[in-house]
Amino acid sequence: MTDGRTAAEEPYVLQVENLETRFSTEHGWLRAVDNVSFNLPKGKTIGVVGESGSGKSVLSRTIMGLLPSNARVNDDAKVIFEGKDLRQMSEAELRHIRGPEIAMVFQDPMSSLNPVMKIGKQIAESQIVHLGLSKKDARNNAIELLREVGIPLPEKRVDEYPHQLSGGMRQRVAIAIALACQPKLLIADEPTTALDVTVQAEILDLLQREQQDRHMTMILITHDLGVVAGRTDYVGVMYAGQIVEQADTKDLFQNMRMRYTEALLNSIPRLEDEPHKRLETVGGRPPDLVSPPPGCRFAPRCQYADEKCTEDEPPFGVGAGLTGHSFACWHPIQPAGGTR
Amino acid sequence: MADTTSSGDIGGRKRRIKLGFGFWLPMSWVIFLFFCAATADFWPLPLPSEMHFLDQEMTPGHQSMAFINEEEVEFTFVLGTDNMGRDILARLIHGSRVSLMVGLVSPIIGLVIGGLLGMLAGYFRGRIEGIVVAVMDAVLAFPALVLLIALTFYLGPSLTTVTFSLGILTVPFFTRVARASTLTFAKREFVLAARAIGTSDFRIIVREILPNVFFPLLVYALLVTAALIIAEGVLGFLGLSVPPPTTSWGAMINDGRDYLEEAPHISLIPAAAMFLTVLSFNLLGDYIRSLGDPRESKL
Amino acid sequence: MSDALLDIENLVVRFGAVQAVSDVTFEVRKSETLGLVGESGCGKSSTARAVMQLPRPTSGEVRLAGQNLVALKGSDLRQLRPKIQMIFQDPISSLNPRRTVLDIVSAPLEVVGKGSKAERKQIVHDMLEAVGLDPDLAMGRRPHEFSGGQCQRISIARALVLEPEVLICDEPVSALDVSVQAQILNLLQDMKERYGLTILFISHDLAVVKNISDRVAVMYLGKICEVAPSELLYKKPAHPYTVALLSAVPVPDPTAELKKVALIAGDLPSPTSPPSGCRFRTRCPYAQAKCAEDEPPLVELAPNHQVACHFPLIDN
């Protein structure tokens, strides 16, 4: 896919094609990620939104190659990072990518940090391994990183253990660890879900600032549409392992097409709503990923579904009259109808 | 579309517990042992204590005359004879009674007493826990062998004594497992919900805690069974188990101790039987543990 | 005051060195939903448990229809328990994995000794239907066969089967997906109307609280900062912490401006040694000397609007 271009010239930092991840369970193969494709331009943030079971976390782990032993990815899947296909790489080669090139921040900082290792050492570790820094230099860098992520008195705190810090602080440390080797791509998997709302805003601000200062590309995975609204350039909405709608963030919210996206948005209570507003709900449950229903996977729960929806799977493609806005729906929201 | 009903679809497949090879293989040995123990008197074999002075230390397959059901007939000593000419197969079958008795009844003593104490300690915490833990620590600290000798002395050597003594020794272990398990479940919100209704502590322990604690205790009991069979074997070896003429596998091993060079089968055969039995209980315990709680994990 | 069904006065809950709830006073009026909102460590869950006497608070009074629950002896308290029930955050942990749904929901009836076995089964049947589950499919199954949302419905059924007057909801939707959350919130609203409930709703999510509550109380580090009707709290927040909380809530509208959260960056103070005077002062952009000396009492700023602040933001 390189056509003789160097990494610096690639317009896309990440290109995912036909990605399919299955898990072997006692009931059969569970298709957690089903035929996902997207391109991520350099320096941008893509939000991946979905509820539990949508496959968003599995997607990020598949990109990183961090899947458990009962997982299988299809052979014709491509994960092209700066022109190189990660799927073709050996584990040893991938280990050199993780850290210096692609880094990840996880949801729960208490379990993503080693409880018996000082935080300074955890930040320094990857610098020593990947960048070959001396212990002293790595430690000084760690202190600077702690300062950068907003931890006061970093010279003192660098020798503390995770349990001595609050949840928000720990997540800052996790971000420092991720940034330590100056990665090109940062994947943040529900980085603020476990945090209080005031801390959440601070952490998201921090991530945004770091991304801009370091010219990084970021994938922000969350279940919260509010989080993606203000902080992403593009959004992909996932449902039952598939991307069902994908667009520029503004376009997605203003020209929503997919019924699921609409239902998701309408079921969130908003501060501006009057009290006791009846929330719109999406009845039923997400489909069984071992044997998903035929046709559109959202059809069983969709008020607008008809026979066609339960028989044929709608194709995922750019909508009429839209640029860069793809979705998969037989009866999408019509712009003239004006649902919002 | 009814926006408050959860449209009928109660998911999760009902797990049908399929007992596979890993269960039936050890289980069939255990069942066979039970069968032997129950029918020991009806096998067409000489009495286990009957000595055949002409046929001492004979290897398996030896043929001679023997009294079977009070008739002297041609007989093949399938597993040979021991140093006193006793039929090893007959002794093995009769000895299985002791092993099974100890292996199954003793853990029950431990499970009931230890389980109860552990649940009380884990649920009430505070002083009750302190006392229970202290007493259990004391029992654990006491040298087991000394305790056994003392109990045997006072109660007289018999199958009941052995079963009871070994049972008592397992109580601290069951207490520990029960307490740890209870601590986990007592913290859960369904216990809080039960208290919120005003459910009595007794009822909570019986209806909420016990059904959850029972499974880990059962798994542990099977592993304890295996350990106790060995323990009885050791006691028999030391002559502290059931007195003769009752047969026990441990005593059989001891009998063959001096003949390991010329007639090793006297010790090895009961040892093999013990090995198979202990292995079976261990495998059963592990297998049942792996069946465990079917908690669905969301991807 | 006279229409207060639940009256909490000077509630203190202490766990060893930590005072989770420090002298909290508020009321829940009959047939209203009072939202109790705050971030982790503010003491809202501890308040809920103390109201339920599970365990009893360190000091203070909890009056249910005039009767002080804290002072009641064991058997008297047990008699009143059916009147005030609770649902919890973790739907899976709230249900005994080894018992069937029928057992779980009929347990309260058994404990109270209501009806015969057949009658109880019928009550459970109707209750399950009311919460939106198919009774015939659900009764014989165990919790692990249900989704999080359905488990929460079962919990609600269990809580309502004795027809309590007060329902305390401790973060009941925090562990659920957004689409399911809406279902449960609507369900609670329906149940409230159907059974004439008075609800104390605890959550860290301001938008959720605002949606379901009539009045909202904001807590910080064991104290109440502000109490006001939902709409008023949103439109005219008087306490700086409330303002900060409101500005931090992410809005699902890309054109909306990202508000700057009006908080001094920093850690939440340790609950073992809270700041002197006003507890919020270390993170308050408007703190002054007085805030470190005197603790601001909860006073009525306007009818039905109470604030605990020396310099409430009156015009914004």
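If we keep just the residues of the stretch C:124-137 that are more than 9 Å from chain B (Cβ to nearest Cβ) and farther than 20 Å from C:LEU197 by Cβ, which is surrounded by the fewest Cβ atoms within 10 Å (Cβ to Cβ)?
Selected residue: C:ASP136.
Looking at C:VAL261, C:VAL249 in this structure, which one is on the phi < 0 side of the Ramachandran plot, at the interface with chain A (Cβ under 7 Å from one of its Cβ atoms), touching a residue at least 40 places away in the same chain (Cβ under 8 Å) and of a type in the set (A, V, I, L, M)?
The match here is C:VAL249.
Given (1) surrounded by fewer than 24 Cβ atoms within 10 Å (Cβ to Cβ); (2) away from chain C (no Cβ under 13 Å); (3) hydrophobic (A, V, I, L, M, F, W, C); (4) more than 22 Å from A:THR217 (Cβ to Cβ), where does A:VAL197 come up short, assuming only one miss?
It is condition (2) that A:VAL197 fails.
Identify, please: which residue in the stretch C:235-246 is under 22 Å from A:THR192 (Cβ atoms) and touching a Pro at 6+ places or on another chain (Cβ under 7 Å) and is, among those, nearest to the other protein chains (Cβ to nearest Cβ)?
Per the criteria, the residue is C:LEU246.
Within the set of pairs 6 or more residues apart or between chains, which connect a residue that is facing chain B (nearest Cβ under 8 Å) and on the phi > 0 side of the Ramachandran plot inside the stretch C:138-158 to a residue that is assigned to a helix (DSSP H, G or I) and modelled with pLDDT under 95 with Cβ atoms less than 8 Å apart?
Nothing qualifies.
Within the stretch C:210-234, track down each residue that is in a helix (DSSP H, G or I) and either farther than 24 Å from C:ASP23 by Cβ or facing chain A (nearest Cβ under 9 Å) (or both).
Answer for the stretch C:210-234, where residues must be in a helix (DSSP H, G or I) and either farther than 24 Å from C:ASP23 by Cβ or facing chain A (nearest Cβ under 9 Å) (or both): C:LYS210, C:ASN211, C:ILE212, C:SER230, C:GLU231, C:LEU232, C:TYR234.
Taking the residues in the stretch A:219-256 that are more than 10 Å from chain C (Cβ to nearest Cβ) and of a type in the set (Gly, Ala, Ser) as candidates, determine which candidate is nearest to A:ARG285 (Cα to Cα).
Residue satisfying both the conditions and the ranking: A:ALA240.
Return the total of residues in the stretch C:17-45 being within 12 Å of the chain's Cα centre (by Cα) and more than 13 Å from every other protein chain (Cβ to nearest Cβ).
Adding up the residues that qualify gives 3.
Which one of C:ARG78, C:ARG63 is within 30 Å of C:ARG194 (Cβ to Cβ), free of Cβ contacts under 8 Å to residues at least 40 places away in the same chain and of a type in the set (Lys, Arg)?
The match here is C:ARG78.
Among the residues of the stretch A:36-66, count how many are under 20 Å from A:ARG95 (Cβ atoms) and either assigned to a helix (DSSP H, G or I) or modelled with pLDDT of 90 or more (or both).
Residues flagged as under 20 Å from A:ARG95 (Cβ atoms) and either assigned to a helix (DSSP H, G or I) or modelled with pLDDT of 90 or more (or both) within the stretch A:36-66 amount to 5.
Can you find, within the stretch C:264-273, the residue that is farthest from the other protein chains (Cβ to nearest Cβ) among those that are without any contact (Cβ under 8 Å) to a residue 60 or more places away in the chain and over 30 Å from A:GLY47 (Cβ atoms)?
By that ranking, first place goes to C:SER273.
Scan the stretch C:203-217 for residues that are in contact with a helix residue (DSSP H, G or I) (Cβ under 7 Å, 6 or more places away or on another chain) and in contact (Cβ under 8 Å) with a residue 40 or more places away in the chain and jot them down.
C:SER203, C:HIS204, C:LEU206, C:LYS210, C:ILE212, C:SER213, C:ASP214, C:ARG215, C:VAL216 - these are the residues of the stretch C:203-217 that are in contact with a helix residue (DSSP H, G or I) (Cβ under 7 Å, 6 or more places away or on another chain) and in contact (Cβ under 8 Å) with a residue 40 or more places away in the chain.
So, in the stretch A:76-108, how many residues would count as being in a loop (DSSP other than H, G, I, E, B) and either of a type in the set (A, V, I, L, M, F, W, C) or surrounded by 15 or more Cβ atoms within 10 Å (Cβ to Cβ) (or both)?
10
What residue, of B:THR152, B:THR175, B:THR182, B:THR163, is touching a Gly at 6+ places or on another chain (Cβ under 8 Å) and away from chain C (no Cβ under 14 Å)?
Within the list B:THR152, B:THR175, B:THR182, B:THR163, the selection yields B:THR175.
State all residues of the stretch C:9-64 that are small (Gly, Ala, Ser) and crowded, with 17+ Cβ neighbours inside 10 Å; if no residue qualifies, say none.
C:ALA20, C:SER22, C:GLY35, C:GLY38, C:GLY41, C:GLY43, C:SER45, C:SER46, C:ALA48, C:ALA50, C:GLY60
Where residues in the stretch C:261-310 are of a type in the set (A, V, I, L, M, F, W, C) and in contact with a Ser or Thr (Cβ under 8 Å, 6 or more places away or on another chain), which of them is surrounded by the fewest Cβ atoms within 10 Å (Cβ to Cβ)?
Only one residue fits best here, namely C:ILE264.
If I go through the stretch A:256-305 residue by residue, how many of them are over 25 Å from the mean Cα position of the chain (by Cα), closer than 21 Å to A:VAL227 by Cβ and among the hydrophobic types (A, V, I, L, M, F, W, C)?
Of the residues in the stretch A:256-305, 2 are over 25 Å from the mean Cα position of the chain (by Cα), closer than 21 Å to A:VAL227 by Cβ and among the hydrophobic types (A, V, I, L, M, F, W, C).
Pairs please, first residue from the stretch A:322-339 and within 9 Å of A:MET256 (Cβ to Cβ) and among the polar types (S, T, N, Q), second anywhere and at pLDDT 80 or above and in a loop (DSSP other than H, G, I, E, B), Cβ atoms under 8 Å, 6+ apart in sequence or on different chains.
Here the result reads A:THR339/A:MET256; A:THR339/A:ILE333, each pair linking the stretch A:322-339 to a residue that is at pLDDT 80 or above and in a loop (DSSP other than H, G, I, E, B).
When you look at B:ARG86, is it modelled with pLDDT of 90 or more and among the basic types (Lys, Arg), yes or no?
No: the conditions fail for B:ARG86.
Got a sec? Which of B:PHE164, B:PHE237, B:PHE214 is surrounded by fewer than 22 Cβ atoms within 10 Å (Cβ to Cβ), on the phi < 0 side of the Ramachandran plot and at pLDDT below 90?
B:PHE237
Determine if the stretch C:292-299 includes at least one residue that is under 20 Å from the mean Cα position of the chain (by Cα) and more than 29 Å from A:GLN171 (Cβ to Cβ).
Yes, the stretch C:292-299 has at least one match.
From the residues in the stretch B:261-285 that are part of a helix (DSSP H, G or I) and without any contact (Cβ under 8 Å) to a residue 24 or more places away in the chain, which one is nearest to the chain's Cα centre (by Cα)?
In this case the residue turns out to be B:PHE275.
Being facing another protein chain (nearest Cβ under 9 Å) and in a helix (DSSP H, G or I) is the filter here; which residues of the stretch C:192-208 pass it?
Listed by number, the residues that qualify are C:LEU206, C:ALA207, C:VAL208.
Look through the stretch A:308-336, keep the residues that are out of contact with any strand residue (DSSP E or B) (no Cβ under 6 Å at 6 or more places or on another chain) and hydroxyl-bearing (Ser, Thr, Tyr), and return whichever of them is modelled with the lowest pLDDT.
A:THR323
Considering only residues that are hydrophobic (A, V, I, L, M, F, W, C) and in a loop (DSSP other than H, G, I, E, B), look in the stretch B:49-74 and name the one that is surrounded by the most Cβ atoms within 10 Å (Cβ to Cβ).
Among them, the one singled out is B:MET58.
Using the structure shown, decide if B:ALA193 is under 30 Å from C:ARG49 (Cβ atoms) and assigned to a helix (DSSP H, G or I).
So B:ALA193 passes the test.
Mind counting the residues in the stretch C:159-175 that are surrounded by 23 or more Cβ atoms within 10 Å (Cβ to Cβ) and out of contact with any strand residue (DSSP E or B) (no Cβ under 8 Å at 6 or more places or on another chain)?
Residues flagged as surrounded by 23 or more Cβ atoms within 10 Å (Cβ to Cβ) and out of contact with any strand residue (DSSP E or B) (no Cβ under 8 Å at 6 or more places or on another chain) within the stretch C:159-175 amount to 1.
The values are calculated or read from the model by the stated rules, or taken from the named source; none is laboratory data. Quantities reported herein were computed from a predicted structural model and do not represent experimental measurements. All Cβ positions, glycine included, derive from the backbone under ideal geometry; neighbour counts span all protein chains shown.
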